[in-house]
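Presented below is the structure to which this report refers.
The values are calculated or read from the model by the stated rules, or taken from the named source; none is laboratory data. Since this is a predicted model, take the numbers as computed values, not measurements. Glycine gets a Cβ as well: all are built from the backbone with ideal geometry, and neighbour counts include every protein chain shown.
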Amino acid sequence: MIALPPGSASQLRCCHASGCRSAGGEALLQALQEAARDTGGTLTVKGVGCLRLCGRGPLVAWDGPGGTALFGDLRPAQAGDLVRLASPGDHEERRRDGQGSQAGSQPARGSDPIVPSTDQDTGSAAPGGAEAQPEAAMAALASQRLDLEQPFFALQRPLVLEHCGLIDPDSLDEALERGAYAQLQRCLRELSPEQVRAEIRLSGLRGRGGAGYPTGLKWDTVALQPEGPRYVVCNADEGDPGAFMNRSVLEGDPHRLLEGIAIAAYAVGAERGYIYVRAEYPLAIARMRRALAQARQRGLFGGAPGTASFQFDLEVRVGAGAYVCGEETALLASIQGRRGCPRPRPPFPAQSGLWGAPTLINNVETLATVPVILRMGSEAYAAIGTPTSPGTKVFALSGAVRHTGLVEVPLGTALRTIVETIGGGSLEQPGVPGGGALKAVQTGGPSGGCIPADHLDTPVDYESLRALGAMMGSGGMVVVDTGTPMPLLARHFMAFSVSESCGKCVPCRAGTVQLAALLDRFVEHRAEPADLQRLEQLCAMVRDTSLCGLGQAAPSPVLSTLRWFRAEYESGIAGP
Amino acid sequence: MSVITLSIDGQPVAVPAGSSLLQAVRAAGIRLPTLCHLDGLSPVGACRLCLVQVEGVSRLLPACASEASEGLQVQTDTPELREYRRMAVELFFAEGNHECAYCVANGDCELQDVAVTVGMDHSRFPYRWPNRSVDASHPLFSLDHNRCILCTRCVRVCDEIEAAHVWDVAERGAHCRIIAGLDQPWGEVDACTHCGKCVDVCPTGALFHKADGTAEKHPDRERAQHLRRARDQHEWQHR
Ligand SMILES: Cc1cc2nc3c(=O)[nH]c(=O)nc-3n(C[C@H](O)[C@H](O)[C@H](O)COP(=O)(O)O)c2cc1C
Ligand code: SF4
Ligand code: SF4
Ligand code: SF4
Ligand code: FES
Ligand code: FES
């Protein structure tokens with residue numbers, strides 16, 4: 001399963017990605033490192049990227065002699081207990097003492113090596129009595145143990161996230177051990193840029209930034225522009241509320257992304273690249289910068305030695321964090337030091353991007369998939385997912401669902417599998433009138449729409465979601481329960497569009513404001529009969545006439561909730 | 001110079017290669033409403049009034065910021081376009097404070113003209129009456145934010161023609177406003193040469209000469225075009 005670093009019997013992997021950090025993960029990591037100091041080096045403790053079940057953070061994985069065990073909802077105060085549990089010495093001791101008949105079994109197999117039989121001890125387990133009653137502390141840990149065989153983990157197919165949570169993101173060596181940069185080296189040695197592009201084209205990979213544009217086609221367009229400088233840009237703006245798929249790659253496996261970008265640069269003939277990250281992601285920025293410095297030091301960037309034909313260097317650019325700056329033309333303007341405002345396309349960035357030069361712009365997840373495709377081969381990659389939506393996709397599952405976190409599954413997986421099996425279904429909401437039952441799933445964030453519960457068997461791929469008036473978007477998935485009125489949900493997203501509009505074009509700048517005001521009337525049950533038609537007309541106008549995707553998609557949450565939950569709007573009309 | 005032919009509302013027209021769709025539309029003798037566009041300034045496609053339907057293209061395209069190409073079939077006047085244009089004008093009127101009777105530009109206002117062109121006699125959207133200010137710090141001119149429609153013509157003329165770049169846009173969405181310098185009172189911005197080009201190109205009563213009273217604004221919108229042409233063709237160069 002997990003290969004342990006040589007010489008160490010046991011290791012603890014503590015998530016210190018943003019999600020767990022906000023739940024105290026950093027303090028936990030420090031406490032673990034402190035406590036492990038006394039074990040004489042038999043136990044290694046390292047910080048890793050997202051372990052995926054973020055809702056139970058902070059999480060720690062223990063790779064012990066028998067396999068891996070995962071613990072959630074940890075508190076820094078439990079660090080000593082965890083270390084005692086995981087350090088081989090103590091473990092042996094306890095085994096000798098015969099405390100617990102299953103002491104020697106595999107942690108990963110669901111049985112429990114760590115505590116005496118629970119029925120015997122949990123009854124007397126007093127919280128906080130860790131020092132006085134080690135048994136109680138162990139029992140507490142046992143109860144925080146998460147089953148790695150549960151569908152949340154078992155049904156995932158991590159490709160993009162395969163090393164996230166396993167490796168220390170600050171260690172180039174760990175990344176190299178797991179094959180980082182091997183595909184880049186192979187490309188430089190064995191494959192022509194055309195061959196690399198052919199692999200990507202044949203894999204059928206589609207852009208993960210939202211629209212699902214064929215990546216190979218985009219690479220070809222850039223590569224086939226007239227001679228001259230060209231650029232590659234990684235879009236790591238990730239402004240969708242509730243989405244953190246890209247952040248997990250940036251924070252958990254930065255070298256994967258760097259390798260993907262470098263391969264893209266080789267394939268399109270770019271000598272310079274940018275990673276555009278929002279300032280709200282300070283950890284991601286720090287990790288990327290450090291990874292870049294490490295890769296540079298080893299000669300992987302800035303003109304790798306022995307590869308005279310490949311001159312490439314990369315820069316991390318920090319964006320102020322406006323949602324619209326994720327839109328590609330706005331992002332490019334921002335890199336050039338101008339106001340982050342979209343411009344009409346065509347010309348597309350592939351034809352005329354940074355400083356008028358052909359520019360390849362791809363999403364983090366798209367680029368992080370590239371090394372996987374080259375390693376597996378396009379055919380094997382294309383066999384995952386569906387014919388028109390190949391591969392895997394990372395989703396951020398949140399809202400009224402039992403298990404929240406990151407889910408990477410093959411495209412085409414039924415929505416029901418994601419939400420009910422992997423996510424564990426909707427969360428009971430005691431005290432919320434009508435709360436608890438699953439009502440709909442909102443996909444695609446402020447640009448997306450709702451899929452009602454009776455369409456849960458829909459396969460999650462680009463076409464099926466669009467046919468239902470929703471959208472893949474970047475991968476946000478919010479489970480909505482029956483306690484949430486749809487006009488309220490629509491207004492929530494519209495409020496986001498109102499505040500994030502760049503203000504350049506009138507339908508988006510002034511239209512979304514009017515849409516929000518109209519939605520207010522429905523939410524507050526004071527709409528007039530004519531307001532429904534007004535709402536629909538204005539939605540169509542804003543959608544069809546806005547300059548960029550922000551305005552064009554802003555009415556989507558309204559239109560999709562109107563489509564499936566029209567009665568809720570009708571009941572928002574005040575009686576005579 | 002190579003020439004391309006295309007069809008506008010079913011009518012064939014020939015224009016020089018590199019022309020915009022707007023130039024083609026005009027060559028066909030069709031009047032398309034515009035606000036953010038001004039000959040001589042770079043196109044931005046912001047007001048969305050010149051949107052047209054091109055066969056085979058799913059999205060509507062801004063004629064001012066799209067290139068004409070051989071064989072295009074362009075519609076400028078479908079019922080849908082007409083409705084959207086009218087809605088856009090309604091949104092313009094509802095988002096600012098446009099009380100024409102008290103405006104220096106009354107009778108010489110492009111927003112007013114466009115409203116007449118698209119047949120907008122009232123707005124179906126509630127007026128928002130935002131609280132906006134007036135900047136009278138400049139010795140010669142004034143800026144009334146209440147009338148500003150954010151067409152950014154002043155921004156572009158000052159940057160692209162006068163090369164002073166006094167103006168820019170600050171904030172986002174409904175809070176957008178044009179600012180002088182680093183959001184200073186206009187009169188305190190040293191970079192301003194007092195040339196008046198921004199006032200000349202403003203389509204509404206937002207920028208005006210201080211002495212002007214109601215209905216006295218007489219802008220010179222051709223000037224940007226003349227200056228740009230003169231510069232492009234080196235008309236000022238001595239032999
Ligand atoms: C308002 C808006 C915000 C966007 N935000 C992002 C973003 O945060 N990250 C991203 O990769 N793409 C974002 N996009 C899509 C990008 O414009 C672009 O299509 C994408 O980065 C292309 O990469 P891909 O082909 O790999 O998907 C956004 C688009 C719009 C209209
Ligand atoms: S649609 Fe909205 S975000 Fe996009 S250019 Fe227009 S105002 Fe700006
Ligand atoms: S008067 Fe001239 S220099 Fe001053 S802001 Fe207007 S255009 Fe710019
Ligand atoms: S001041 Fe006039 S020219 Fe400048 S943006 Fe406003 S309306 Fe346009
Ligand atoms: S952030 Fe720690 S598990 Fe996701
Ligand atoms: S004139 Fe074309 S969008 Fe304003």
From the options A:ALA380, A:ALA333, residue that is under 22 Å from A:ALA279 (Cα atoms) and free of Cβ contacts under 8 Å to residues at least 40 places away in the same chain: A:ALA333
What do you reckon, is B:ALA230 of a type in the set (Gly, Ala, Ser) and free of Cβ contacts under 8 Å to residues at least 12 places away in the same chain? yes
Criterion violated by A:CYS164 - all others in (1) closer than 20 Å to A:ARG13 by Cα; (2) modelled with pLDDT under 95 satisfied: (2)
Scanning region A:356-371 for residues that are touching a helix residue (DSSP H, G or I) at 6+ places or on another chain (Cβ under 8 Å) and not aliphatic (A, V, I, L, M), the one farthest from A:THR329 (Cα to Cα) turns out to be A:PRO371
Check whether at least one residue in region A:265-283 is of a type in the set (D, E, K, R) and part of a loop (DSSP other than H, G, I, E, B), and report yes or no. yes
Single condition B:ALA46 does not satisfy, out of (1) in a loop (DSSP other than H, G, I, E, B); (2) hydrophobic (A, V, I, L, M, F, W, C); (3) closer than 30 Å to B:CYS202 by Cα; (4) more than 16 Å from ligand 2 (Cβ to nearest atom): (4)
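Rundown of residues vs (1) of a type outside the set (Asp, Glu); (2) buried (at least 17 other Cβ atoms within 10 Å of the Cβ); (3) part of a helix (DSSP H, G or I); (4) more than 14 Å from ligand 4 (Cβ to nearest atom), yes/no style:
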{"position": "B:TRP129", "(1), (2), (3), (4)": "yes, no, no, yes"}
{"position": "B:SER137", "(1), (2), (3), (4)": "yes, no, no, yes"}
{"position": "B:VAL155", "(1), (2), (3), (4)": "yes, yes, yes, no"}
{"position": "B:ASP159", "(1), (2), (3), (4)": "no, yes, yes, no"}
Of the residues in region B:50-71 that are within 21 Å of A:ALA510 (Cβ to Cβ) and part of a loop (DSSP other than H, G, I, E, B), the one that is nearest to the other protein chains (Cβ to nearest Cβ) is B:LEU60
Qualifying positions in region B:95-109 - within 14 Å of chain A (Cβ to nearest Cβ) and crowded, with 22+ Cβ neighbours inside 10 Å: B:GLU95, B:GLY96, B:HIS98
Listed by first then second residue, the pairs whose first member lies in region A:164-192 and is farther than 14 Å from A:ARG298 by Cβ, whose partner is among the acidic types (Asp, Glu) and in a helix (DSSP H, G or I), with beta carbons under 7 Å and at least 6 positions apart or on separate chains, are A:ILE167/A:GLU174; A:ASP168/A:GLU174; A:PRO169/A:GLU251; A:GLN183/A:GLU259
Only one of B:ARG128, B:ARG172, B:ARG124 is in contact with an Asp or Glu (Cβ under 8 Å, 6 or more places away or on another chain), facing another protein chain (nearest Cβ under 10 Å) and under 19 Å from A:GLY340 (Cα atoms). Can you tell me which? B:ARG172
Qualifying positions in region B:32-49 - near ligand 6 (Cβ under 9 Å from one of its atoms) and away from every other protein chain (no Cβ under 11 Å): B:LEU32, B:PRO33, B:THR34, B:HIS37, B:LEU38
Which residue is nearest to ligand 1 (Cβ to nearest atom), if the candidates are limited to region B:188-239 and must be in contact with a strand residue (DSSP E or B) (Cβ under 6 Å, 6 or more places away or on another chain) and part of a helix (DSSP H, G or I)? B:CYS198
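Which residue, of A:ALA357, A:ALA265, is within 30 Å of B:ALA68 (Cβ to Cβ) and among the small types (Gly, Ala, Ser)?
Just one listed residue meets the conditions, A:ALA357.
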Among residues of region B:57-94 being acidic (Asp, Glu) and more than 14 Å from ligand 6 (Cβ to nearest atom), the residue surrounded by the fewest Cβ atoms within 10 Å (Cβ to Cβ) is B:GLU70
Take the residues in region B:141-153 that are surrounded by fewer than 24 Cβ atoms within 10 Å (Cβ to Cβ) and within 12 Å of ligand 3 (Cβ to nearest atom), then tell me which one is farthest from B:ARG48 (Cα to Cα). B:PHE141
Which condition breaks for A:VAL372 when tested against (1) out of contact with any Gly (no Cβ under 8 Å at 6 or more places or on another chain); (2) surrounded by 24 or more Cβ atoms within 10 Å (Cβ to Cβ); (3) farther than 16 Å from A:GLY210 by Cα? (2)
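Looking at A:CYS325, is it within 16 Å of ligand 2 (Cβ to nearest atom), under 19 Å from the mean Cα position of the chain (by Cα) and within 13 Å of chain B (Cβ to nearest Cβ)?
Yes: the conditions hold for A:CYS325.
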Are there any pairs with C-beta distances below 6 angstrom linking a residue in region A:247-258 that is at pLDDT 95 or above to a residue that is of a type in the set (Ser, Thr, Tyr), with the two at least 6 apart or on different chains, and if so which? A:ARG247/A:TYR281
Go through (1) more than 7 Å from chain B (Cβ to nearest Cβ); (2) closer than 18 Å to A:ARG543 by Cβ; (3) out of contact with any Cys (no Cβ under 9 Å at 6 or more places or on another chain) for A:GLY469 and report which single condition fails. (3)
Of the conditions (1) under 18 Å from the mean Cα position of the chain (by Cα); (2) within 14 Å of chain A (Cβ to nearest Cβ), B:ILE161 satisfies every one except a single condition; which number is it? (2)
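Here's the yes/no breakdown for (1) within 16 Å of ligand 1 (Cβ to nearest atom); (2) surrounded by fewer than 20 Cβ atoms within 10 Å (Cβ to Cβ); (3) in contact (Cβ under 8 Å) with a residue 40 or more places away in the chain:
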{"position": "A:ALA23", "(1), (2), (3)": "no, no, no"}
{"position": "A:GLU26", "(1), (2), (3)": "no, yes, no"}
{"position": "A:GLN30", "(1), (2), (3)": "no, yes, yes"}
{"position": "A:GLY47", "(1), (2), (3)": "no, no, yes"}
{"position": "A:GLY57", "(1), (2), (3)": "no, no, yes"}
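Of everything in region A:210-231 that's assigned to a loop (DSSP other than H, G, I, E, B) and of a type in the set (Gly, Ala, Ser), which residue is farthest from ligand 2 (Cβ to nearest atom)?
A:GLY228
Here is a yes/no grid of residues against (1) more than 23 Å from the chain's Cα centre (by Cα); (2) away from ligand 1 (no atom under 16 Å from the Cβ):
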position	(1), (2)
A:ASP461	no, no
A:MET471	no, no
A:VAL480	no, yes
A:THR484	yes, yes
A:PRO487	yes, yes
A:SER499	yes, no
A:ALA510	yes, yes
A:GLN514	yes, yes
A:ALA553	no, no
